[in-house]
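**Student:** Take this structure, written in structure tokens, and hold onto it; I'll ask about it next.
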Amino acid sequence: MHSFSFEELFAMLAGRALSTAELSRLRDWIASIVDPGECLALIERAAQGRPCPHCHGQRLHKCGFAGGLQRFRCLACRCTFNALTGTPLARLRKRERWLPYLQCLIESRTVRDAAQVTGVHRTTSFRWRHRFVPCAARDRPRSLSTIVEADETYRLESQKGSRQLKRPARQRGGVARRRGISRDHDCLLVARDRNGQTLDFHTGRGPVTVAQLHGCLRPVLDTDVLLISDAARAYRRFASQAGIMHEFVNVAAGRRSRGAIHVQNVNGWHSRFKSWLVRFRGVASRYLAHYSGWLRLLDAQRLRTPADWLLTAVRHG
């Protein structure tokens, strides 16, 4: 049987008018081809210059290879490590499928869809999601400037996936035990400036407090910012204690804006977040911060390729 060289195959394809279906099959096949060395090279590149994860020593020497990654030995503590030691990505297998899986994160695929595309088990897909997303989500803006809008959104507390519930079970889409915002709700605080920089904070259960605002917002707000919020008393007390200029709109009274004084940007982010979450059919409370960080990364459009996601995840892991 005659075997064709690559040049012959390429010439045959180039000389043939391919149909739309044939082009789609060819693109899918090419996209499925993964170079195992590409992922390893990106990991090594992201961790270049990393000190010893055990004692933070800088004096290292090479100590062979394991799993395709260079190992190093620290001359201070004599421990060995590689680029992933001490990170949430350590000991994860099937690295040749990481880049296709990260493309699934960019496309916001569900656990089962990502598992089917990359050829891994659904439990592996779930584990990878909650390793890669928190690592990459640590790439956050250091501060917010100029005009900053802050508001919180609430979701009914969920113990999805828990083997031992701490409350009576309820059907998905149930209601809280009390009217209004209570300890039955998880609070997600979002701050967004007019330059598009966004920060998210999972503050726990119940309404946001002044102490929580100090812990979340005070370190990331410049001293000369104008903070805009709704009429909640906690924001007014926080701004007064922190010495920050503050304006508010009484949304509850139907007054959504006063010229440039509004919280529509941050409320728009809340709306996109809730709509985006629908595809996942319920999110456990303990993972809420992972999903808000995931959408924040997608919304910022800084990480456009799987390579960008991998580099960021390794650096911040």
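**Student:** Tell me the carbon and sulfur percent of the accessible area for segment 114-208, rounded to whole percent, probe radius 1.4 Å.
**Tutor:** Carbon and sulfur: 45 percent of the exposed surface of segment 114-208.
**Student:** Right, next: Could you list which residues have their amide H under 5 Å from that of ASP193, counting only those 5 or more apart in sequence or on another chain, with H placed in the peptide plane?
**Tutor:** When sequence neighbours closer than 5 places are left aside, the close amide H contacts are GLU149.
**Student:** Another question about this same structure. For helix 36-46, what angle does its Cα long axis make with the longest principal axis of the chain, in degrees from 0 to 90 and rounded to 10?
**Tutor:** Tilt relative to the chain: about 50 degrees.
**Student:** So, taking all protein chains as they sit and a 1.4 Å probe, how much accessible area belongs to TYR154, in Å² rounded to tens?
**Tutor:** Counting only protein heavy atoms, TYR154 exposes about 50 Å² to solvent.
**Student:** Which one of PHE6, VAL220, ALA169 is farthest out on the positive end of the charge dipole of the chain, using unit charges on Cβ (Lys, Arg +1; Asp, Glu -1) and the Cα centre as origin?
**Tutor:** Highest projection toward the positive end goes to ALA169.
**Student:** What percentage of the solvent-accessible surface of segment 45-96, computed with a 1.4 Å probe over protein heavy atoms, is contributed by carbon and sulfur atoms?
**Tutor:** Answer for segment 45-96 is 49 percent, counting heavy atoms of protein chains only.
**Student:** Where Lys and Arg each count +1 and Asp and Glu each count -1, what net charge lies around LYS62 among other residues with Cβ under 13 Å from its Cβ?
**Tutor:** +2
**Student:** Based on the alpha-carbon gyration tensor of segment 222-304 and its eigenvalue square roots a ≥ b ≥ c, which shape applies: rounded if a/c is under 1.5, prolate if not and a/b is larger than b/c, or oblate?
**Tutor:** prolate
**Student:** Which whole-number percent is the relative contact order of segment 51-151 (Cα, under 8 Å, 6+ apart)?
**Tutor:** About 15 percent, as a whole number.
**Student:** Rounded to two decimals, what is Rg over Rh for the chain when you use alpha-carbon atoms and the Kirkwood radius?
**Tutor:** With Rg and the Kirkwood Rh in hand, the quotient comes to 1.06.
**Student:** Springs between alpha-carbon atoms under 10 Å, Gaussian network over the chain: tell me which of LEU89, LEU99, LEU26 tops the mean-square fluctuations.
**Tutor:** Comparing LEU89, LEU99, LEU26 in a Gaussian network model of the chain, the most mobile one is LEU26.
**Student:** Fully extended, how many nm does the chain gain between ALA234 and ARG91 (0.36 nm per residue separation, minus their Cα-Cα distance)?
**Tutor:** Additional length available on full extension: 47.1 nm.
**Student:** Taking the Cα centre of the chain as origin, work out the dipole magnitude from +1 charges on Lys and Arg Cβ and -1 charges on Asp and Glu Cβ, in debye rounded to 20.
**Tutor:** 1580 debye
**Student:** Using only helices, what value at 222 nm comes out for the chain when you add -39,500 (n - 2.57) per DSSP H run of length 4 or more and divide by the total residues, to the nearest 500 deg cm²/dmol?
**Tutor:** Using -39500 (n - 2.57) per qualifying helix, the result is -11500 deg cm²/dmol.
**Student:** With every protein chain present, what is the per residue accessible area of the chain (1.4 Å probe, Å²)?
**Tutor:** 58 Å²
**Student:** Excluding same-chain residues fewer than 8 positions from LYS94, which lysines have a Cα within less than 26 Å of its Cα?
**Tutor:** Correct list for LYS94: LYS62.
**Student:** Please work out the Cα convex hull volume for segment 46-143 and give it in Å³ per residue.
**Tutor:** 116 Å³
**Student:** With the Cα gyration tensor of segment 114-180 in hand, convert its eigenvalues to equivalent ellipsoid semi-axes via √(5λ) and list them largest first in whole Å.
**Tutor:** Semi-axes (√(5λ), whole Å): 28, 27, 10.
**Student:** Based on the mean of other beta carbon atoms within 10 Å per residue, what is the order of 135-147, 289-301, most packed first?
**Tutor:** Order by mean packing, descending: 289-301, 135-147.
**Student:** Report, in degrees rounded to the nearest 10, the 0 to 90 angle that the Cα long axis of helix 233-242 makes with the longest principal axis of the chain.
**Tutor:** Long axis of 233-242 versus the principal axis of the chain: about 80 degrees.
**Student:** Does anyone have the angle between helix 288-300 and the longest principal axis of the chain? Alpha-carbon axes, 0 to 90°, nearest 10?
**Tutor:** That works out to roughly 70 degrees.
**Student:** Relative contact order for the chain: what is it in percent, counting Cα pairs under 8 Å that are at least 6 residues apart?
**Tutor:** Contact order relative to length: 20 percent.
**Student:** Taking a ≥ b ≥ c as the square roots of the Cα gyration tensor eigenvalues, with a/c under 1.5 meaning rounded and otherwise prolate when a/b beats b/c, else oblate, which class fits segment 87-222?
**Tutor:** Note, shape of segment 87-222 comes out oblate.
**Student:** Now for a different question. With each pseudo-label sitting 7 Å past Cα toward Cβ, what's the ARG163-GLN264 distance in nm, one decimal?
**Tutor:** It is 5.1 nm.
The values are calculated or read from the model by the stated rules, or taken from the named source; none is laboratory data. Keep in mind that what you see is a predicted model, and the values were worked out from it rather than measured. Neighbour counts run over all protein chains shown; Cβ positions are idealised from the backbone, glycine included. Remember, those area values only see protein heavy atoms, side chains included, never the ligands or the DNA or RNA. Shrake-Rupley method; radii C 1.70, N 1.55, O 1.52, S 1.80 Å.
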